[in-house]
Amino acid sequence: MAEDLLVIIPTRGRPQAVPAIMQAWNDTGATADLLFCVDTDDPELAAYKNHAAAVKADPRVRFVFGKRRRLCGTLNQQAVKAAKSYRFLAFFGDDHRPRPADRPWDSRIRECLSGGPGIVYGNDLLMGERMPTAVAVTSDIVMTLGYFAPPQLVHLCLDLCWLDWGKGMQRITYLDDMVIEHLHPAAGKAEVDQGYEEANSSEQVSADSAAYCEYRDGGGLEADLKKLRKLVEEAA
């Protein structure tokens, strides 16, 4: 029988995020499995391996170490691998933190997605309903499309695609009181480091924006929505 929920976190250059995320898991009583994806050329590789050893006894947590594929490539690789083993898959950045609430956030994700193919996201206290910077989907979406986000993207605009998918298949839910806080420099909650500089450079913004527009307007989105709508119909 498939496990229920896996949260995939591609991370680079921020080993300090690992204990902070684990603390957030414990503070919220989360039982969702957690996969940290680390590049083998990361300058902080030794620190990540130390954290991996420290949480080895925690059955919720796994680490994978592999060739650098950037955020979208890593997320897609691991999501496709996990899709047959988990009912639900989620993406968090290494700067996202779930926050305590009356009901555990991961329980709410399970409940929301248990009715069939769909997408759910919470309040990141930065973009709110406008953009799912952290997101959970039913794994059949990943299996149907062959990816968690269009592979022509590198780091940015993935959330725009998830919004397009959810609206296009009429199966998206925003939970304002489920806080998955985004500790981003744009919110004044983090210092700009090499990772933020690379991801938000003018070159990366231009490249991912152009790739997203081509996907949205060049037939890629409509082809994916056709598959997703069929998935919803078959599950009804």
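Summary table
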| quantity | calculated |
| --- | --- |
| Out of 119, 109, sole residue that is out of contact with any Pro (no Cβ under 6 Å at 6 or more places or on another chain), touching a residue at least 60 places away in the same chain (Cβ under 8 Å) and β-branched (Val, Ile, Thr) | 109 |
| Any hit, the range 218-225, residues being part of a loop (DSSP other than H, G, I, E, B) and without any contact (Cβ under 8 Å) to a residue 12 or more places away in the chain | yes |
| Output for the range 174-203, where each listed residue is part of a strand (DSSP E or B) and buried (at least 16 other Cβ atoms within 10 Å of the Cβ) | 174, 175, 178, 179, 180, 181, 182 |
| Residue count for the range 123-141, restricted to those that are assigned to a helix (DSSP H, G or I) and either within 25 Å of residue 206 (Cα to Cα) or within 12 Å of the chain's Cα centre (by Cα) (or both) | 3 |
| Filtered residues of the range 71-110 (kept if assigned to a loop (DSSP other than H, G, I, E, B) and among the polar types (S, T, N, Q)) | 85 |
| The one condition in (1) within 30 Å of residue 116 (Cβ to Cβ); (2) surrounded by 14 or more Cβ atoms within 10 Å (Cβ to Cβ); (3) among the aliphatic types (A, V, I, L, M) that residue 207 fails to fulfil | (1) |
| 3 or more residues surrounded by fewer than 18 Cβ atoms within 10 Å (Cβ to Cβ) and at pLDDT 95 or above: qualifying strands (runs of 3 or more DSSP E) within the range 1-69 | 61-66 |
| Any hit, the range 158-168, residues being among the charged types (D, E, K, R), free of Cβ contacts under 8 Å to residues at least 24 places away in the same chain, assigned to a helix (DSSP H, G or I) and out of contact with any helix residue (DSSP H, G or I) (no Cβ under 7 Å at 6 or more places or on another chain) | yes |
| Of all residues making up the range 135-144, the number that are among the hydrophobic types (A, V, I, L, M, F, W, C) and buried (at least 24 other Cβ atoms within 10 Å of the Cβ) | 4 |
| Residue pairs meeting the criteria (Cβ under 7 Å; at least 6 apart or on separate chains; first under 27 Å from residue 112 (Cα atoms), in the range 63-87; second of a type in the set (Asp, Glu)) | 85/3; 86/3; 86/4; 87/4 |
| Test for residue 142: is it touching a residue at least 60 places away in the same chain (Cβ under 8 Å) and closer than 26 Å to residue 24 by Cα | no |
| Condition check for residue 94: touching a residue at least 40 places away in the same chain (Cβ under 8 Å), charged (D, E, K, R), closer than 23 Å to residue 132 by Cβ and exposed (fewer than 15 other Cβ atoms within 10 Å of the Cβ) | no |
| Members of the range 159-204 found to be among the aromatic types (Phe, Trp, Tyr) and farther than 19 Å from residue 10 by Cβ, listed by number | 165, 174 |
| Residue that is within 22 Å of residue 84 (Cα to Cα), surrounded by fewer than 22 Cβ atoms within 10 Å (Cβ to Cβ), in contact with a Gly (Cβ under 9 Å, 6 or more places away or on another chain) and basic (Lys, Arg), where the choices are 171, 108 | 108 |
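For (1) acidic (Asp, Glu); (2) under 19 Å from the mean Cα position of the chain (by Cα), each residue gets a yes or a no:
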site	(1), (2)
35	no, yes
39	yes, yes
51	no, no
101	no, no
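The values are calculated or read from the model by the stated rules, or taken from the named source; none is laboratory data. This is a predicted model, so every value here is computed, not measured. Positions of Cβ are generated from backbone atoms using ideal geometry, with glycine treated the same way; all protein chains shown enter the neighbour counts.
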